[in-house]
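Please treat every number below as a calculation from the coordinates, not as lab data. Since we're looking at a predicted model, the values are computed, not measured. Note that each Cβ is placed from the backbone with ideal geometry, even for glycine, and that neighbours are counted across all protein chains shown.
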């Protein structure tokens, strides 16, 4: 069988995903809205080989550990089932962003794996079906199938077939920029899935979090249509801090921030008060992402790099769809 | 008329107060549970003088500003009404904790003012009535009338007469200790009252915060009866982070922490994982308070003082009732 290589970009949710309504199918409890990030991508090649009984996975040129390999294998079983094959696969995955930069690679990783594996298995799937499959590898991977601005639909069906990402606007609609400030390369104290489960089980705020998410998505959608950075930035910060406030209200409290994260949050808000369009968003980790307009990237980078302790600043514009690379 | 001097201690809520159900009478939306802090106190003298038409207020030997003087005056009007007098008063107030240490002095300040002014006006009031009066000066002042462990009752009556603090146990019941880590002397970006109002108006979590508070108080009460530091510490952290998570979910987000606050939160939790009984609590500001047992104060102080940037560490045990000082 042929070897296929695919590339997918990372993405960041502006209206956040936190909570699952079904663990087995990895169905979200809330929808989300993201932008795809050009500067961060994963390139993955997959080759199914007759007679191979196991899957092998290398990440950035090294053999992946047992846990990651098992997770990829379980995911490939979905593809094998669809394709009616039973061969093991050789998977080679490379992230273009520094390993250990504290950036989650599961979104771009599972999106690239889905596109490469489906093609390598001889399947000709729609982007929607690719998105539905990706979701079962990693919730945020469903969004990385598409470029530009993407909405992950909550869906209603028990089988998850309507829990899919849909493209809202391509990158060209509104060229936004994002700065990614790496504050730490340490592993996070509690992973997203575990954090989501603890939150759902113990936080008194969880029902209100789930109930108010659709309003945030509607506002973000309007802001993107109108290319209104203030409106999009404000709803993004609201959703971000609502998510982190939610995690903090779990018992025991989940705090993904470090000291530098908070220093940067205050600094971005201070610069905004001075007229620079800059808005914070953060995922389940200590890195601080700053939504801004392209014409402010240089100035913001200069101002923020004065703060001690930042390991690295990555600046990015919006990226495109996940795609198969030519041989 | 005679001059009276009174002393009251600051207190810290372990189960937090956040939100008002009546602004004019300053009635809380939730009850709270606190410990009174021996090391922090305010000493206030009040003398009503016939013929004096205005009140004058000095704090730590300097004339207070117009805003603070007006607030004290409005409060003295309650005392004057009860006593049937109309004289202006000379108020002299001294905090024993460093001014600008970023520690709220309103609790000890209004409690001392209440006790001194009532006595100077010739009123002989019960502690309960003193607590009810204090509350109208500052919500947390109601608790500073009593020593040891104190519960602020939510109350039900529209006139606020049952929104009062009650003493649970004197300091001798369970000698706990607290470390107060001063991280910044900067003024907080948004005061408590304004922050509470913004939270009530904009946070989707506010109803759940109000609804779940009685359970936290019940658990803390049990923990104190049983002298169970783990139980008291865990419910205190839960209430603290639930309050800060609530404030973060306001729109725009209210973040009282600075970078050092978060570094210290993680450090305290790390030390606890190593077996030291230490639990974080924080009010509407960046200072980090650590609940612990007296036998760990020295060790904890040593370990925490290694972290760069802490301005000061104050250690305290539980304090007693607010009281009139002999001439």
- prompt: What is the Cα radius of gyration of segment B:150-215 over 2.2 N^0.38 Å, N being its residue count?
  reply: 1.53
Order of A:35, B:178 - criterion: other Cβ atoms within 10 Å of each residue's Cβ, fewest first: B:178, A:35
task: Partner chain Cβ atoms within 10 Å, averaged over the residues of B:235-242 - can you pull that number for me?
output: 4
Inter-part distance where segment A:17-61 and segment B:167-205 are each reduced to a Cα centre, Å: 43
- prompt: By count of other Cβ within 10 Å, fewest leading, how are B:15, A:288 ordered?
  reply: A:288, B:15
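Considering only the protein assembly as shown, what is the antiparallel percent among its DSSP beta bridges, to the nearest 5? Please list the in-between numbers first.
Working: 102 of 110 bridges.
Looking only at bridges with both residues in the protein assembly as shown, the antiparallel portion is about 95 percent.
Considering all alpha-carbon pairs of segment A:3-171, what whole percent are spaced by more than 24 angstrom? Kindly include the intermediate steps, with their values, before the conclusion.
On the way: 4290 of 14196 pairs.
So the portion of pairs separated by more than 24 Å is 30 percent.
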- request: Take every Cα pair under 8 Å in chain A that's 6+ residues apart, average their separations, divide by the length, and report that relative contact order as a whole percent.
  value: 25
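Averaged across orientations, what area in nm² does the convex hull of the alpha carbons in the protein assembly as shown project? It would help to have the intermediate numbers written out before the result.
Numbers: hull surface 125.4 nm².
So the mean shadow area of the Cα hull is 31.3 nm².
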task: Rank A:67, A:289, A:20 by mean-square fluctuation in a GNM of chain A with C-alpha springs under 10 angstrom and give only the top-ranked residue.
output: A:67
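Averaged across the residues of B:254-265, what count of C-beta atoms belonging to other chains lies within 10 Å of each residue's C-beta? Intermediate results must be reported in sequence, preceding the final value.
On the way: counts 2, 8, 0, 7, 5, 14, 3, 2, 10, 6, 1, 6.
For peptide B:254-265, the averaged partner shielding equals 5.
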message: Show me, bin by bin at 5 Å from 0, the whole-percent P(r) of segment A:177-317 based on Cα pairs.
response: 2, 9, 19, 20, 19, 16, 11, 4, 0
query: Which distances, shortest first and in nm, link residue A:173 to the matching position in the other copies, using label points set 7 Å out along Cα to C-beta?
result: 6.0
- line: Rg (one decimal) and Dmax (whole number) from the Cα set of segment A:1-73, in Å, equal 15.9, 45
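So what is the relative contact order of segment B:3-174, in percent, for Cα pairs below 8 Å that sit 6 or more residues apart?
27
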- prompt: Per residue of B:200-207, what is the mean number of Cβ atoms on other protein chains within 10 angstrom of that residue's Cβ?
  reply: 5
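Given the convex hull of the Cα atoms of segment B:10-51, what is a quarter of its surface area in nm²?
On the way: hull surface 20.0 nm².
Mean shadow area of the hull around the Cα atoms is 5.0 nm².
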query: Taking the label point as lying 7 angstrom from Cα along the Cα-to-Cβ axis, what are the distances from residue A:312 to the corresponding position in the remaining copies, in ascending order and in nanometres?
result: 4.3
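With viscosity set to 1.567 mPa s and temperature to 4 °C, compute the Stokes-Einstein D of segment B:79-216, Rh being the Kirkwood radius across alpha carbon pairs; µm²/s, no decimals. Walk me through the intermediate numbers first.
On the way: Rh = 17.4 Å.
For these conditions, the coefficient is 75 µm²/s.
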- prompt: For segment B:177-317, what is the relative contact order in percent, using Cα pairs closer than 8 Å and at least 6 residues apart in sequence?
  reply: 43
- request: Could you please rank B:54, B:180, placing first whichever residue has the fewest other Cβ atoms within 10 Å of its Cβ?
  value: B:54, B:180
- request: Do me a favour and compute the ellipsoid semi-axes for chain A from its Cα gyration tensor, root of five times each eigenvalue, largest one first, whole Å.
  value: 32, 21, 19
- prompt: In the P(r) worked out for segment B:190-237, what percent of Cα pairs fall beyond 13 Å?
  reply: 64
- prompt: What percent antiparallel are the DSSP beta bridges of chain A, to the nearest 5?
  reply: 95
- prompt: If you put a point 7 Å past Cα along the Cβ direction, how far is that point for residue A:227 from the same point in each other copy, in nm, smallest first?
  reply: 7.0
- line: Nearest 10, in degrees from 0 to 90: the angle of helix A:127-137 to the longest Cα principal axis of chain A is 90
